[in-house]
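Novice: Can you read through this structure? Questions will come right after.
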Amino acid sequence: MSAFRIYSLHLSQCRAAGELLTEARSFCTRHSKYSQQIRNNNNYIRLLSTGYTSSNKTTSEEVAAKTAGDDALTADGKTSSDFSGTTAKVIKPRPLFPWRSSPYPLPRLVKPTRSNTSPPGDDSDGNSQHMSDEEYYDSDYFTKGGPLGQGWISPMEPWFRVVLFASSINLLNESWLTIALPWKRNEWIKDMEWCFCDAFLRGVNGMIYDTYILDESNDERDRNENIQSDESFDLVLDLDHTIRKHKGITEDNNRRTLDQNEEHCMLQHNLRQLYQSARDHSLPSDVNIVLKTEPVSAQIVSMFPVFGLSRSLVQDHPNLRHSYRNLAKRIDRKNKEKQLEGKEKANLFEIAKIVAQGMDDLMETSAKLSDDGNGLITIIAQVAIHCREVFCVKDVATGEVLQGYPDENPRDVTHLVRFEIVIKDTHLSMDFEKKPELLVGRWQITDWDDLLDGNVWFT
């Protein structure tokens, strides 16, 4: 099967272009109808799923244990562990709410500079410190994938990221015409960004409710009561909650239900488990968490497709995790063959042919392994959500600030939230009675602020 057949646009056979945007507008409008609509219609399942969010349990527990042990931030931003010379100062474990409340973007999003001048149109920040070439390429921007994030060997060129972004929008059933027209494209992007804002707040609130509040009181109140909205579409998460002494690890029916319905959870299992592990393994004591977050704006930092793979498919077939690494090895072998022939390297056409064949093979493999015979494509989006935020975690007994800031002054912070969604390509299905189309699934939050290092599963 040719790569053209798999990746070309089938407008007449896909869902009507703009249907996804229409669904987004049904609950992400900026007019006064928003507040009433949110109360009456919580069923915006196709774009942003309800509930909140699985795969490797051990990884998230290790991250939580490490974070709880030595990454608790104090009011002045220092870590809770202090080493002097060869003697380590031992500090007792403290309750921890894994959260990054910082006015600075993640280091991997800021391209460093090597000289006093930077080429126009690059990603560098004017406030970046100058550094040597070695330090330059060892920076997080290059080692952690830059705007694309963990799982990428480099940030790639800006034009290539634009191609990935446009392809992702098209796979979400938007026409190439919408993508090509700036005002149409910007309208789609703006609506999506506010939808991501809404999902982020509801995901955080759901996590707090299910991990801390419900775990303590079994109070079946509305999990969204901490989220407020007004006529100007201002969303606010307002939480002031005291966590009582925890008496050990518990396993409740609510947690089992979430794990059994992973597809419908807004937060992915590993992210849920990070907070549950921090809750279970923290020192039993009363702490008060104040978290007030009001999104001001949002920006989609990157969006890219992963053809032929999904998180659940890789979980069921771990050997698929190396599919893209193996594809890169094929290209390396081709380059070595060309060098033996006296040529410098494979040309662009030869590389494109290898990539197209590899993508075809991945799509066919995913169709054979999936339950319904459809090829799988995962879209991963990373969104910077700029907020005005108050964050503080205090020990109730001593009044000591364990995380955040002691005052209640709102600060400008940015959260980088990672979303993913699975799309089923029915073109590969053997059911010829079905009309070929792209079936869009549900968005799920898989990480924020790189607490799980991207929660990567495809490399």
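Novice: Between Lys338 and Asp316, 0.36 nm times their residue separation minus their Cα-Cα distance comes to what? Can you show the working numbers first?
Specialist: Working: separation 22, 0.36 × 22 = 7.92 nm, distance 3.73 nm.
So the chain would gain 4.2 nm between Lys338 and Asp316.
Novice: Which of the peptides 437-449, 164-176 is most tightly packed, and how do the rest follow, going by the mean number of other Cβ atoms within 10 Å of each residue?
Specialist: Working: 437-449: 21.2, 164-176: 19.3.
Per-residue mean Cβ counts within 10 Å order the peptides as 437-449, 164-176.
Novice: Using just the alpha carbons, could you tell me how many Å³ per residue the convex hull of the range 316-391 encloses? Show your work: numbers first, answer last.
Specialist: Working: hull volume 15.3 nm³, N = 76.
In the range 316-391, the Cα hull volume divided by residue count equals 201 Å³.
Novice: In vacuo Debye scattering of the range 280-430, one point per C-alpha: log10 I(q)/I(0) at q = 0.11 Å⁻¹?
Specialist: Once normalised to I(0) and log-transformed, intensities are -0.72.
Novice: I would also like to ask the following. Do the alpha carbons of any pairs in Lys184/Lys368; Lys338/Lys424; Lys144/Lys184; Lys111/Lys334; Lys190/Lys329; Lys144/Lys345 sit beyond 29 Å of each other, and which pairs? Don't skip to the answer; put the middle values down first.
Specialist: Working: Lys184/Lys368 37 Å; Lys338/Lys424 37 Å; Lys144/Lys184 32 Å; Lys111/Lys334 31 Å; Lys190/Lys329 39 Å; Lys144/Lys345 27 Å.
Too far apart for the 29 Å limit: Lys184/Lys368; Lys338/Lys424; Lys144/Lys184; Lys111/Lys334; Lys190/Lys329.
Novice: So what is the accessible area of the range 286-410 per residue, in Å², with the probe set to 1.4 Å? Write out the running numbers ahead of the final one.
Specialist: Details: 6170 Å² over 125 residues.
Ligands and nucleic acids excluded, the figure is 49 Å² per residue.
Novice: The range 370-431: Rg/Rh from Cα coordinates, Kirkwood Rh?
Specialist: Details: Rg = 22.0 Å, Rh = 15.8 Å.
Dividing the radius of gyration by the Kirkwood radius yields 1.39.
Novice: Moving on to the next point. Please compute the net charge surrounding Leu313, taking Lys and Arg as +1 and Asp and Glu as -1 over other residues with Cβ under 14 Å from its Cβ. Please report the intermediate quantities before stating the final value.
Specialist: Values: positive: Arg311, Arg321, Lys368, Lys424; negative: Glu262, Glu263, Asp316, Glu364, Asp371, Asp372, Glu420, Asp425.
Residues close to Leu313 contribute a combined charge of -4.
The values are calculated or read from the model by the stated rules, or taken from the named source; none is laboratory data. Small disclaimer: the values here were computed from a predicted structure and weren't measured. A quick note on method: Cβ atoms are made from the backbone with ideal geometry, for glycine too, and the neighbour counts reach across all protein chains shown. These area figures cover heavy atoms from the full protein model, side chains too; ligands, DNA and RNA do not enter into them. Shrake-Rupley method; radii C 1.70, N 1.55, O 1.52, S 1.80 Å.
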